[in-house]
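Take a look at the structure set out below.
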Amino acid sequence: MGVFVDAVRYIAANSDRFLEALGIHVGLALAALGLGVLIGVPLGIWAARSRIVSSVSLNVLGVLRVVPSLAVLVLVFPYLGLGFRTALVALTVLAAPPVLINTYVAYRDVDPAVVEAAVGMGMTRGQILRWIETPLALPVVLTGVRTAAGEVVASATLAAFIGGGGMGEFIVNGLAVNNVALLLVGAVPVALLALLFEGVLAVPEHLARRRVTS
Amino acid sequence: MTYLTENWDVVLRLTWEHLYLTGLVLITAVALAVPLGVVLAHFRRATTPALGLLGVVYTIPSMALFALLIPVTGLGTKTAATALVAYSQYILVRNTVAGLRGVDPAVEEAARGMGMTGWQMLREVRLPLALPVILAGVRVAAVTVIGMASLAAWINAGGLGVLLFQGLYQYHPVKMWTGTVLIGAIALAVNRVLLILETKARHWAGAG
């Protein structure tokens, strides 16, 4: 229990540093998640409409799936240098695939009969996308966003290795100077942050699912 | 490429360490998860809280999980293996429960009618029928563990992650790429082998 007391004392004494790292961690994760959605959703919808796009993107993602998150982070470094921007690029690479895959599957699996009926009612393609396909696809897309969120919160911890800042810095420093309390200063908030992201993002997913099934 | 020709013995040793760690983790994890899944498939009320708890562990970022274990198990393979086993429990237990629950009740009824005991039914009917789903879980867990094991190098547990960290700290891209390609190749190969076993098990379950 002593180490927990030490960890809390450290946070109290270094609250500005702690909050700054927390802010960077959350900012990095949210920015990467946002970019991942901006890339993944349009590509996913396009893949659902085009066989070529789907086969190319599924092949690329199949390869990307076996590349460890740590490798993505370190591999970006020789080309972009150290820092926040490099970490953001790497995290976006990790965030986009789950969003893309789920968007692709969700739009692909919209019942063609429903779309057919909408065409028969005289809806334009844009209207069908906005009012028919997107509401039906949304729950599965949001599951992908939640998966991506878990990935970026976790990998933002690894960003400390490439000078990206965030809570991982306490963990890296804690291990380097053999300070168990410092390890906990990084690890416990990161674990809670991951659970928080997971919990918060489950809400819109749940709502979207209820709307579809009702 | 001169790096590879001059240091193939090091690369080979790290590859072996990586395979050893992930093999050890997967065998231990399956040995824990399958009995746990069998018990949970029986006690329906306990399933949701138990999977919820394992889900929490699964959500904790690997680096945080490693860091939380260091005060308990110290640096090295023990910590890396414990974290990876704990992490993969969610996938493995969930699939074991789903596989066992998916067995047609009529088949179980027929086995009971033939006078099979609970153990016989489990061993000869329910587990073989659940095997494809269990193996699908093992496959997902294996690919995840192979990737995550690269972080083991950070806590002195060796493996191909050593090449990633050395590449980073020595500014040596060839080392990074060597590590990445080898880890990816191992994951792809293991994925392929388990996929074949899964298909075999599915045929077998369908024919049986």
Q. Per the Cauchy relation, a quarter of the hull surface: what is the mean projected area of the convex hull of the alpha carbons in the protein assembly as shown, in nm²?
A. 24.6 nm²
Q.
Test of understanding: express the Cα radius of gyration of region B:2-207 as a ratio to 2.2 N^0.38 Å, with N the residue count.
A. 1.19
Q | Relative contact order (%) - criterion: Cα under 8 Å, at least six apart; region: chain B | A | 26 percent
Q. For chain A, modelled as a GNM with alpha-carbon contacts under 10 angstrom, which of A:20, A:169, A:116 fluctuates the most?
A. A:116
Q.
For the interface of A with B, what's the total buried accessible surface in square angstrom, probe 1.4 angstrom, rounded to the nearest hundred?
A. 2800 Å²
Q) Which residue, A:145, A:203, A:41, has the most motion in a Gaussian network model of chain A that connects Cα atoms within less than 10 Å? A) A:203
Q | Positive dipole terminus of chain B, leading residue within B:16, B:128, B:146 (C-beta point charges) | A | B:128
(Q) Please compute one quarter of the surface area of the Cα convex hull for region B:114-202 and express it in square nanometres. (A) 7.3 nm²
Q: Before rounding to the nearest 500, sum -39500 (n - 2.57) across all DSSP H runs of length at least 4 in chain B and divide by the residue total; then give [θ] at 222 nm in deg cm²/dmol.
A: -28000 deg cm²/dmol
Q. Looking at region B:1-101, what % of the alpha carbon pairs are farther apart than 16 Å?
A. 64 percent
Q) Under the Karplus relation 6.51 cos²θ - 1.76 cosθ + 1.60, θ = phi - 60°, what is the ordered set of whole-Hz ³J(HN,Hα) values for region A:66-80, x standing for Gly and Pro? A) 8, 8, x, 4, 4, 5, 4, 5, 6, 5, 6, 4, x, 9, 10
Q | HN-Hα J in Hz across region A:123-133 - Karplus 6.51, -1.76, 1.60, θ = phi - 60°, x for Gly and Pro | A | 6, 7, 4, x, 5, 4, 4, 6, 9, 10, 5
Q) When ligands, DNA and RNA are left out and all protein chains stay put, how many square angstrom of accessible area per residue does chain A have with a 1.4 Å probe? A) 48 Å²
Q: Would you mind working out the magnitude of the charge dipole of the protein assembly as shown relative to its Cα centre, with +1 at each Lys and Arg C-beta and -1 at each Asp and Glu C-beta, to the nearest 20 Debye?
A: 620 debye
Q. Are there GluC sites (Glu not before Pro) in region B:45-146 that DSSP marks as loop and that have at most 16 other Cβ atoms within 10 Å, and which are they?
A. none
Q. For region A:157-202, what value does the Rg/Rh ratio take when both radii are computed over Cα atoms and Rh is the Kirkwood radius, given to two decimals?
A. 1.06
Q: Select from B:27, A:120, B:68 the residue farthest towards the positive end of the dipole of the protein assembly as shown; place +1 on Cβ of Lys and Arg, -1 on Cβ of Asp and Glu, and compute about the Cα centre.
A: A:120
**Q.** Rounded Å value of the spacing that divides the Cα centres of region A:8-83 and region A:119-143
**A.** 28 Å
Q) Size of the dipole of chain A about the Cα centre, Lys and Arg at +1 and Asp and Glu at -1 on the beta carbon, nothing else charged, in debye to 20? A) 440 debye
Q: Determine the share of the protein assembly as shown's accessible area contributed by carbon and sulfur atoms, expressed in whole percent, with a 1.4 angstrom probe.
A: 68 percent
Q | Karplus-derived HN-Hα couplings along region B:37-45 (A = 6.51, B = -1.76, C = 1.60, θ = phi - 60°), whole Hz, x at Gly and Pro | A | x, 4, 5, 5, 5, 7, 9, 4, 5
(Q) From the helices alone, meaning DSSP H stretches of at least four residues, give me the mean residue ellipticity at 222 nm for chain A, per-run term -39500 (n - 2.57), in deg cm²/dmol to the nearest 500. (A) -28000 deg cm²/dmol
(Q) Which residue, A:185, A:35, A:138, has the largest displacement toward the positive end of the dipole of chain A when charges sit on each Cβ (Lys, Arg +1; Asp, Glu -1)? (A) A:138
Q. Which residue, A:22, A:175, A:193, tops the fluctuation ranking in a GNM of chain A built on C-alpha contacts under 10 Å?
A. A:175
Q. Region A:6-135: D in µm²/s via Stokes-Einstein (Kirkwood Rh, Cα pairs, 10 °C, 1.306 mPa s)?
A. 91 µm²/s
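The values are calculated or read from the model by the stated rules, or taken from the named source; none is laboratory data. Keep in mind that what you see is a predicted model, and the values were worked out from it rather than measured. Every residue, glycine as well, gets a Cβ built from its backbone with ideal geometry; the counts of neighbours run over all protein chains shown. Just so you know, the surface numbers come from the protein's heavy atoms only, side chains and all, with ligands and any DNA or RNA stripped out. Shrake-Rupley method; radii C 1.70, N 1.55, O 1.52, S 1.80 Å.
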